[in-house]
1. Using θ = phi - 60° and the Karplus curve 6.51 cos²θ - 1.76 cosθ + 1.60, what whole-Hz ³J(HN,Hα) does each residue of segment 304-310 get, with Gly and Pro shown as x?
2. Is any residue of segment 258-277 close enough, with backbone N under 17 Å, to a label point placed 7 angstrom from the Cα of ASP117 along the Cα-Cβ axis, and if so, which?
3. Beta carbons within 10 angstrom, averaged per residue: use that to sort the peptides 388-394, 332-338, 278-284, highest first.
4. Based on the Cβ-Cβ distance of GLU599 and GLU831, what FRET efficiency does E = 1/(1 + (r/R0)^6) give at R0 = 25 Å, to the nearest 0.05?
5. If amide H atoms are built 1.01 Å from N in the plane of the peptide, which residues on other chains or at least 5 residues away come under 5 Å of the amide H of THR719?
6. Heavy-atom accessible area of PHE277 with all protein chains present, probe 1.4 Å, nearest 10 Å²?
7. Given H placed on each backbone N at 1.01 Å, which residues far from VAL463 in sequence or on other chains put an amide H within less than 5 Å of it?
8. Each residue of segment 197-202 in turn: what ³J(HN,Hα) in whole Hz from Karplus with 6.51, -1.76, 1.60 and θ = phi - 60°, glycine and Pro shown as x?
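The values are calculated or read from the model by the stated rules, or taken from the named source; none is laboratory data. What you see is a predicted model, and the numbers here were worked out from it, not measured in a lab. So basically every Cβ, Gly included, is an ideal-geometry build from the backbone, and we count neighbours across all protein chains shown. Side chains included, ligands, DNA and RNA excluded: accessible areas come from the protein's heavy atoms. Shrake-Rupley method; radii C 1.70, N 1.55, O 1.52, S 1.80 Å.
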Amino acid sequence: MHRWYVILQRHLKLNPNLFCMKMTAETMNMSNETERFNYALDLFFGMNPAKRYWILLAMYFAKNKKLQTIDNYEGNDFVMATMSVDLIGHRNIVDEWNQKGVKSRSVVAIVDDDKKDIIDEIYYGFDVDAINYLNSQPNKELGFFGLRQMEPTYLVEVAEILIGISDDWYEKNTSWAFLSILRRARRNNRFDGPFYQPEELTRLIVELLDAQKGSVYNPYAGLCSFGATISSNCRYYAQELSLDYVIGKLNLLLHNRTNAVCEKEDSQIKWKGALGFDYIVSSPPIGVRCNNKYRTTERDYLFRSAMDVRHKAIGVYPSSICFDSGLSSTRVSKLVENDYIESVILLANKTFQYTGIEPVIIVVNKNKKQKKAIRFVDASDCFETTGRDIKLSVDSILSLCKTDGDHSRLVHVSEIESNNFKLYPKLYLKKELEVPAGMKVVYLREVLNSLPCKSPRDSRGRVFSFVNRDSIKAKGIIKAEDLEIRAIDSRNYRVVNEDCLIFVRGGQYTAKYLITNGEDVYLRSMFRPFLVNTDIIEPAYLLSEFSKDYFSEQLYSYGSGFSGPRISTDELLNLKILVPELREQQLKMSLDTIEKNLETLESQKEAEYKNKMENFVLNQRQRKHAVAQVLNEILPSMENIESFILDNETVSKDSIVSRRFGTTLQTYLATVRKQLDKIVSMVDNFTSQEQYGKPEVIRVEDFLSEYCSSKKNLGIPVTYIHHYEEEEIEQEVKISKKDLTQMLDNLIANAVKYGATDDIEQKYGSTDEKRRDFQIRIETHAIHDYKDPVVIRVSNNGEAVSKSISLDKLFTWGIGRGTGIGCWQVKEIAEHFGGSASYEEFPNDPDGFVSEFRIVLPLDDD
């Protein structure tokens, strides 16, 4: 628990007019109440409670003035917690209670008769969730306080804070408070929840739905966010199969939705859309297979909702649905031909936390005004970044939906039909290609011809690879003799022996030109080789044009998410290139580009050498200074000890050396020993001549899973999360296991030593005031481009590093409360293996993960 919450709270009580010059009294009070609410969250989740949603129910009762704390309660109402006097840790409070004859204090909720059944169902669901959590723990113990695993001293204080918050605050902040609790609840070693639907996305969809009355069906309802947000004049029916349905019920209660129902049902099996709802709305689970003709839940939802709804249906989908082929494409064409689809809106990649899925909103409207047309909107830039997440700009998106412009256009169905019923917005929002004087437009099909490949005859050969490429475009030409000869799995490779242009589909469509000189070269099956008509275009010139904005815009009109463009070979060959009309100009431009790139490379190398020399000199000075500082700290202690021994004939470990501070001889000697140990460690690492291990190919996901499993006895959870995406590249790096382990060990040791806070300032005191929710998480995200590095993120929810050390000295040798070597060593190892190390803080992170180190390593070249 952060001490500043308590200090600020007490300070404000003593100085109620402290901020009146800057804020109105109402704003100040609202801010103060938000801080009190956050303090309650820290207090509650600091216990790492098994019944993690208890605070949600307490907030519901407090909001509705149905929660109170009662001394010596013996009634029959719903008792959420009881604290007896013998559990209180502060003596003054115990004495006060004894004087008043108070033996216990209970948190009591008054449950209305018409809500008893639903509250019982919700509370039972919380019990099931707690049991599931406890059963997942290694020791499977219920803890001192049984199933609840929650200390009453904390619960009573949390309840008192919630009771003291004003009606006005709850009216304005209920949705935010609900989501804040959920995020905290699901971060505590339990990453089993679905993707969080941002509050802004819910508001956007509700605005697009525009349901003022009538019936609304919400399959795959999750937390019933739509039901809590739509007009209370609508009749709302929701289905959710997971345990989230009880939280959805509570969400509806929190927002006083009396005309709403949420059932625990499988929306796919018990589809209710055919009952004749006016509106259907959902964010169906992405990529979940279903046993019917629609293949996945999102397709199942799109087609069934569109056919069954009376007025309007809206869903959020991965952008891949816009490129459906085969049978799915036939169904999409039916929706277009029936004139059901009103608009398709492309959103930003990171709309959903922890995933790079590129989402689209598809609006079905059977009463739309613009007939035989669909509005396509590119709102992928309508957001602002807040820490690790983004926040959608709802008003900007709604504005785009109303008028034509660069990012919004009404398209006739005939044009959609000519594009094989693809529904990706950027495909219909391309700018006309401007042709400068002296240039002409050439289609790729005019200069490229598909090159047939042969089957491998040998199990070894020269293997073509896209990885480990220099950023300099002149390096885009590869010669066969420069390729590594190694063993291959003939099932996954093909052979070419002609000079060719090779494409690979990834987050970017990357291309290289291969000069074989007639030698066999092995290509992975996913690579596409093409013969280049060198009578029309120079390969070097062609490669340089692929990096131009005008070509990228054409390419990404077929998809720009992490999975990259979803473009067929025919569509790729229909893209345009600008070519000089005279071949001499083309050659000159190619040579100019190569010359410029070589000059840039030379300048980079020169600057790199100069920087290394300057850093070497600076590092040696810093290390000399750091050792001198430690010696200067030791000398006064040694002088005091020497003077004391000379002045006293007999001494012992308990002798007081410094009467001013009461420091014993034993304490002085321990301080000296600690500083000497630090010097020994510093001298051992005085130079950068590290003994690095032999690099080996490591599959990152397997290594990190095994590494985190090895930390189970640490006493602090170390969790590994890989954020999967469709069509991601397998992440392999070339580094020694010893060095990668060393980097992670250093970061985790620092997190445990400096990040974990041991105490929680608590009103009543407790049998255990140690914070129990501290955790470390290691994360990797999917990559879809061979140019992208592997990024390992190590974060924790403890104290920020900046409270212990200046961030500009974080990776400096010898600086820190310990040896000062740990972070420096992480950086040295990462850079030795071609990567980097960095650190960033997120002070407003809603999950509380303030500190994040990043280890960046290049993808292995195989």
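1. Karplus-based 3J(HN,Hα) across segment 304-310 equals 6, 5, 5, 6, 8, 5, 7 Hz.
2. From segment 258-277, the list is 258-265.
3. Numbers: 388-394: 18.7, 332-338: 16.6, 278-284: 23.9.
Order by mean packing, descending: 278-284, 388-394, 332-338.
4. 0.45
5. Sorted by chain and number, the residues that satisfy this are ILE776, ARG777, ILE778.
6. The value for PHE277 is about 30 Å².
7. GLU484, ARG486, TYR522
8. Whole-Hz 3J(HN,Hα) from phi for segment 197-202: 8, x, 4, 5, 5, 4.
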